[in-house]
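Before any comments, here is the structure.
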Amino acid sequence: VQLVESGGGLVQAGGSLRLSCAASVTYRRYTMVWFRQAPGKEREFVAAISWAGSFTYYADSVKGRFTISTVNAGNTVSLQMNSLKPEDTAVYYCAAGTLTASYERHEQYSYWGQGTQVTVSS
């Protein structure tokens, strides 16, 4: 499975960005997730969605501001980010895998994209 992210960039605080993650194949048992990693910090869970899009889960830090969704019959996962804050600045990664532990455990996701930079200026 290959994952390719797009949509990152530079935005002012309070602005919006939409990230996309295109998957080369779809697999019904996979959970699709977004993580992010800021310089000097550990990789942080952001949001998750079941392949069918019927279940979503968010980190408290983004709840109410970010929305994860699937399009193109699950081939693409999007992350709509609104009301962005400087602390949202990070490299955002899309990942996929079979859920065997809590969503936040990044070790369980077998497939990762290359990441896309999001920078929020104050």
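Computed from the coordinates by the stated procedures, all read-outs in this text should not be read as laboratory data. In this text, all values refer to a predicted model and were calculated from it rather than measured experimentally. All Cβ positions, glycine included, derive from the backbone under ideal geometry; neighbour counts span all protein chains shown.
Can you give me the Rg/Rh ratio for the chain, using Cα atoms for both radii and the Kirkwood formula for Rh?
When Rh is taken as the Kirkwood radius, the ratio is 0.94.
Mean-square fluctuation check for the chain, GNM, Cα pairs under 10 Å: which of Gly53, Gly74, Gly14 is largest?
Residue with maximal mean-square fluctuation among Gly53, Gly74, Gly14: Gly14.
Describe numerically, in nm with one decimal, the distance between label points set 7 Å from Cα along Cα→Cβ at Glu107 and at Gln80.
About 3.6 nm separates the two model spin labels.
Roughly how many Å is it from the Cα centre of the range 89-109 to that of the range 12-50, as a whole number?
If we compute the Cα centre of each part, the gap is 8 Å.
Dipole of the chain, Cα-centred, from +1 at each Lys and Arg C-beta and -1 at each Asp and Glu C-beta, to the nearest 20 debye?
Value, rounded to 20: 200 debye.
Which of Ser69, Ser110, Ser20 ends up with the largest GNM mean-square fluctuation for the chain, with Cα atoms connected below 10 Å?
Ser110
Spin-label point model (7 Å from Cα, Cβ direction): what's the Lys41 to Ser16 distance in nm?
2.3 nm
Could you work out the relative contact order of the chain, using alpha carbon pairs under 8 angstrom and six or more residues apart, expressed as a whole percent?
Reported as a whole number, the value is 35 percent.
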